[in-house]
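See below for the structure under consideration.
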Amino acid sequence: MIEVKIVESGKRDFLELLLLADESESMIERYLERGELFALYDGGLKSVCVVTQESDDVCELKNIATYEQWHGKGYGSKLLEHVILHYKGKYKTMLVGTGDVPKALRFYQKNGFEISHRVENFFTDNYDHPMFEDGVQLVDMVYLRREA
């Protein structure tokens, strides 16, 4: 049975999983403690995500990660659906930034997000090493938005 819990303390215990979606521990540190961490369990931990408040009416999904062996099973979408419902009425807009990678963009668009804008050279300017996803080097951050 799927259960989603908000993690109040011990957020760093989930670092191994968070690093699957964001390779930089220092970047994760920037948002982990100020964000709400959600953990999805189904006979064990499957997925986590972190959401931060960016303004009175905007929140941002900073990280969503699922253990690789559970990819394609719907856990990421179920967690995202839970988080969207959790914040409904609290924020007008949810943002998410991701690499310019078709698979990631399709995931968010399938879950009701639309492309908003991009931040050029985000990955090359903010990470100390080249980052790759699905064989594509990440350069620009593509932001998507979903209205509540």
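Per-residue accessible area (protein heavy atoms, 1.4 Å probe) orders Met1, Met27 as Met1, Met27, starting from the largest. Accessible surface ranking for Ser77, Ser26, Ser47, 1.4 angstrom probe, highest first: Ser26, Ser77, Ser47. Taking the Cα centre of the chain as reference, the dipole from Cβ charges on Lys and Arg (+1) and Asp and Glu (-1) amounts to some 640 debye.
With each run of n ≥ 4 DSSP H residues scored as -39500 (n - 2.57), what mean residue ellipticity at 222 nm is computed for the chain after dividing by its residue count and rounding to the nearest 500 deg cm²/dmol? So the calculated ellipticity at 222 nm is -7000 deg cm²/dmol. Estimated at the nearest 10 Å², the accessible area of Arg118 is 110 Å² with a 1.4 Å probe.
Computed with a 1.4 Å probe over protein heavy atoms only, the accessible area of His71 comes to about 100 Å².
Please compare each pair in Lys46/Lys73; Lys46/Lys110; Lys73/Lys110 to a cut-off of 18 Å on the Cα-Cα distance and tell me which ones are over it. Can you show the working numbers first?
Details: Lys46/Lys73 10 Å; Lys46/Lys110 20 Å; Lys73/Lys110 15 Å.
With Cα atoms farther than 18 Å apart: Lys46/Lys110.
Projected label points at Gln69 and Arg34, each 7 Å from Cα along the beta carbon direction, are separated by 3.6 nanometres.
Checking every one of the trypsin sites (Lys or Arg not before Pro) in the range 26-108 against DSSP loop status and a limit of 15 other Cβ atoms within 10 Å picks out Arg34, Lys73, Lys90, Lys92. Full extension of the chain between Asn121 and Met27 yields a length gain of 32.3 nm, computed as 0.36 nm times the residue separation minus the alpha carbon distance. When the GluC sites (Glu not before Pro) in the range 29-112 are filtered for DSSP coil states and for at most 16 other beta-carbon atoms within 10 Å of their beta-carbon, the remaining sites are Glu33. Between beta-carbons, use under 13 Å as the cut-off and find the net charge around Gly43, counting Lys and Arg +1, Asp and Glu -1. Once all neighbours under 13 Å are counted, the net charge is 0.
The values are calculated or read from the model by the stated rules, or taken from the named source; none is laboratory data. Remember, predicted model here, so these are calculated numbers, not experimental data. FYI the Cβ positions are ideal-geometry reconstructions off the backbone, even for glycines, and counts take in every protein chain you see. The area values use the complete protein model at the heavy-atom level, side chains included, leaving out ligands, DNA and RNA. Shrake-Rupley method; radii C 1.70, N 1.55, O 1.52, S 1.80 Å.
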